[in-house]
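For reference, the structure is listed below as structure tokens.
The values are calculated or read from the model by the stated rules, or taken from the named source; none is laboratory data. What you are looking at is a predicted structure, and each value in this text was computed from that prediction instead of being measured. Virtual Cβ from ideal backbone geometry, glycine too; neighbours counted across all protein chains shown.
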Amino acid sequence: MSLPIADYALIGDCHTAALVGIDGSIDWLCLPRFDSASTFGALLGTEEHGRWVVAPVDPGATSTRSYIDDTFVLVTRWQTAGGVAEVVDFMPMGAGRAEVVRRVRGVEGTVRLREELAIRFGYADALPWMRQAPEQGGHAVVGVAGPDAVIVRGPALRATDHAHAAEFEVSEGDEVDIVLTWYPSHRNPPGALDVSEQLDDTLAWWREWASAAPIEGEYAAAVRRSLLVLRALTHAETGGIVAAATTSLPEQFGGARNWDYRYTWIRDASLTLSALMIYGYEAEAGHWRRWLLRAIAGDPADIQIMYGLSGERHLPEYEVPSLPGYQGSSPVRVGNDASTQYQGDIFGELMIALREARRIGVEEDQYSWPLQRALLGFLEKTWQRPDNGIWEIRGPQQAFTHSRAMIWAAFACGVEAVERYGLPGDSARWAELRDAIRAEIEEHGFDAERNTFVQHYGGTQVDASLLLLGQIGFVAPDDPRMLGTVAQIEKELLRDGLLMRYRTETGVDGLAGGEHPFLACSFWLVQQYAHSGRLDDARALMSKLVALSNDVGLLSEEYDVEGARQAGNTPQAFSHLALVRAADAIARASQ
């Protein structure tokens, strides 16, 4: 059975990522991209669905782990009866190919370790043909199935019932390198790499990236790790930012709210860039903007809420019967039908991110501003259209208050671009629409009797996304209407101090079952507290949320309060970007 979600650490090369369990097992790895089919899929099943273990033979061995500095080089330190050993796991940066390195180092005494390798391509649907490969000065096995192939170099492996295994010892000062390399099966296996050189280069790459933004303050460690997570989830070549490294980790354990997050949401990517730009990552802003221009080029009416890493538009959702699901939570899904939804709020998030890029000095080019003008032209005709909302409801479309407020923000950004930066555009028309949307929201999206904004027009429920109205400037955070909304959100959506997105029992999302508190929403509440003078409440909630990170600083999508466990896909960009913005809000309020 797969481990608790919090027991996994991430290693990655900004093309894909692996989840390494605290037991030494890599239970999730898709090669060569985040959205490729899994090579190791035990996370969504059992060891029969593919995994790679390097751990002591001693059943009483205990482990601790940490990343080296501000990197994604993971060191797991094993204490056994016979001694101490370390396993250094990383994916080389800049090697130009998809590889995972597991270096075993002897620290004290002598430790006997085991390696167990079960390769299962195609979401555990393809059992590979395995063969020993001649290797000068060492041992290697090659696995091939369909278009995929891997070569694994290291200790001599023996076949054991559709898997391979080895045992070896390390004493103080010994090093044993095990390297898995993916390659297209129609090619010859690539040659071995210099592990020490790749380790040094990888450490240097991550350290250089992290050092570009010195971070101080009471939450500095959590902010640094969150920024690193956001970078690790950004594809190095295309600039696409995946929402998480996994698919189908459950929002409700045993339930069917299992979705594929290995794609680029306009909203999540926009908010990620906004978080990175707080710390001046201008190059990332430019890279993402180029991705955006390529992805949504063409008729604005064809814009999607999400795309593949290279801007792919066709992301059909289907179930994968070869994987039984995380601890029995089925189905496992690949693709995401939300790609066909209309969500009006993405225009606001997109325009805000581009506005912030403009503010930090990313210059408009011959395509970027014309594209923004075209999007606003599309909104001029469609802004009153009901949508599926920020939470991708699969029930009837509604006039969601948050979506309308984000469209208001899109027109506000357009007006600023013309009036402050001198860009060409009909600012008078956009200002007129901006003001008309405000009037409509105040009439239909606000319950004057209860002094609260509501989830959607004609409804009475609140939604955590209403917290963003204060952040985008639609109302001041200390406006009486905003304070009334916060009070109602606290009353309806708080669960043991953490915030739900909305009340699923109303049936608004068209799905059966419930879910757990959504971590990004709780970070939004931290921001609201900080901006409205409740700094002590902001710090208390922030400390509680940061403590929900696992031992290496990673957050998933949700948190099961009753079960005291992380839930949903991991690591979740939305959670980490919200942490960065919450920490910034507290810092600003403290000043």
**Q.** Enumeration of residues in segment 29-49 that are crowded, with 22+ Cβ neighbours inside 10 Å and more than 23 Å from the chain's Cα centre (by Cα)
**A.** 49
Q) Only one residue in 180, 227, 249, 203 is surrounded by 20 or more Cβ atoms within 10 Å (Cβ to Cβ) and more than 23 Å from residue 40 (Cβ to Cβ). Which one? A) 227
Q | Unmet criterion (only one of (1) part of a helix (DSSP H, G or I); (2) closer than 20 Å to residue 391 by Cα; (3) touching a helix residue (DSSP H, G or I) at 6+ places or on another chain (Cβ under 8 Å)) for residue 354 | A | (2)
(Q) For a quick check of your reading: which strands (runs of 3 or more DSSP E) sit entirely within segment 1-51 and have at least 3 residues that are of a type in the set (Ser, Thr, Tyr) and in the same structural domain as residue 329 (by TED's automatic domain parsing)? (A) none
Q. Hey, any hits in segment 465-478 for a residue that's at pLDDT 95 or above, of a type in the set (Ser, Thr, Tyr) and either within 29 Å of residue 413 (Cα to Cα) or under 27 Å from the mean Cα position of the chain (by Cα) (or both)?
A. yes
Q. So, in segment 387-441, of the ones that are under 27 Å from the mean Cα position of the chain (by Cα) and among the small types (Gly, Ala, Ser), which residue ends up surrounded by the fewest Cβ atoms within 10 Å (Cβ to Cβ)?
A. 395
Q: Within segment 108-155, work out how many residues are among the hydrophobic types (A, V, I, L, M, F, W, C) and under 24 Å from residue 10 (Cβ atoms).
A: 9
Q. Going by the structure shown, is residue 163 surrounded by 14 or more Cβ atoms within 10 Å (Cβ to Cβ) and touching a helix residue (DSSP H, G or I) at 6+ places or on another chain (Cβ under 7 Å)?
A. no
Q.
Going by what's in this entry, would residue 199 be described as closer than 30 Å to residue 110 by Cβ and not assigned by TED's automatic domain parsing to the domain that holds residue 145?
A. yes
Q. From the residues in segment 307-332 that are part of a loop (DSSP other than H, G, I, E, B), in contact with a strand residue (DSSP E or B) (Cβ under 9 Å, 6 or more places away or on another chain) and charged (D, E, K, R), which one is farthest from residue 2 (Cα to Cα)?
A. 313
**Q.** Residue check, residue 255 in a loop (DSSP other than H, G, I, E, B), in the same structural domain as residue 554 (by TED's automatic domain parsing), touching a residue at least 12 places away in the same chain (Cβ under 8 Å) and more than 17 Å from the chain's Cα centre (by Cα)
**A.** yes
Q: Specify the residue that is nearest to residue 29 (Cα to Cα); the eligible residues are those in segment 79-118 that are in contact with a Pro (Cβ under 8 Å, 6 or more places away or on another chain) and surrounded by fewer than 19 Cβ atoms within 10 Å (Cβ to Cβ).
A: 97
Q: Any residue in segment 394-418 that's without any contact (Cβ under 8 Å) to a residue 24 or more places away in the chain: show its pairings with residues that are crowded, with 24+ Cβ neighbours inside 10 Å at Cβ separation under 8 Å, as long as the two are six or more apart or on different chains.
A: 415/430; 418/430
Q) In the list 546, 508, which residue meets the criterion of being more than 26 Å from residue 241 (Cα to Cα) and of a type in the set (Val, Ile, Thr)? A) 508
Q | Complete set of residues in segment 113-124 that are assigned to a strand (DSSP E or B) and not aliphatic (A, V, I, L, M) | A | 114, 115, 116
Q. Among (1) in contact with a His (Cβ under 9 Å, 6 or more places away or on another chain); (2) among the charged types (D, E, K, R); (3) more than 29 Å from residue 323 (Cβ to Cβ), which single condition is residue 86 missing?
A. (1)
